[in-house]
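First the structure, in the form of structure tokens, and then the observations on it.
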Amino acid sequence: MRCKICQNEFVPDKYHPNQQSCSSPKCQKERQLQNERIWRSRNPNYFKCLGQESAWKESRYRYNKLWRVTHKDYLRNYEDSHRQQRKEYMREYMRRYRGAKIVEQAV
Ligand SMILES: [Zn+2]
């Protein structure tokens, strides 16, 4: 196994067979920094949320508003298709409801 950082040969820890870097303090530190960088790039809003929450919310709000404006047709179509679905659902529901009532009356 070759260390990803210093390129030296090393034997992975038996408890960590997927280890990518050797156990030298320098490489461990570098590995930690890399992990942190990766984590930060995957969670770009984590630190923004601390202390800048309102700014983040504001930009979020603006973004959503913009999205709604630019996707007007999409939203309208979505609503239309769902109105149809809801209608069908209610029709089915009422049919079953009436069916249950008839059974109730028969008993
Ligand atoms: Zn190393």
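So the values come out like this:
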read-out	value
Around His82: net Lys/Arg minus Asp/Glu count, Cβ-Cβ under 14 Å	+1
Reachable lysines, given that their alpha-carbon falls under 16 Å from the alpha-carbon of Lys57 and they are not under 8 places away in the same chain	Lys48, Lys65
Per-q log10 I(q)/I(0), the stretch 1-44, q = 0.18, 0.25 Å⁻¹ (Debye; single scatterer per alpha-carbon; no solvent)	-0.54, -0.85
Accessible area per residue, Å², the chain with all protein chains present, probe 1.4 Å	96 Å²
Of Gln7, Gln32, Tyr93, farthest towards positive along the dipole that unit charges on Lys, Arg, Asp, Glu beta carbons give the chain	Tyr93
Cα-based shape type of the stretch 1-76, given that a ≥ b ≥ c are square roots of the gyration tensor eigenvalues and the cut on a/c is 1.5	prolate
The stretch 52-106 shape via C-alpha gyration tensor axes, a/c threshold 1.5	oblate
Solvent-accessible area, 1.4 Å probe, carbon plus sulfur percent, for the chain	53 percent
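The values are calculated or read from the model by the stated rules, or taken from the named source; none is laboratory data. Remember, predicted model here, so these are calculated numbers, not experimental data. Positions of Cβ are backbone-derived with ideal geometry, glycine not excepted, and every protein chain shown enters the neighbour counts. We work out accessible area using only protein heavy atoms, side chains counted, and drop any ligands, DNA or RNA first. Shrake-Rupley method; radii C 1.70, N 1.55, O 1.52, S 1.80 Å.
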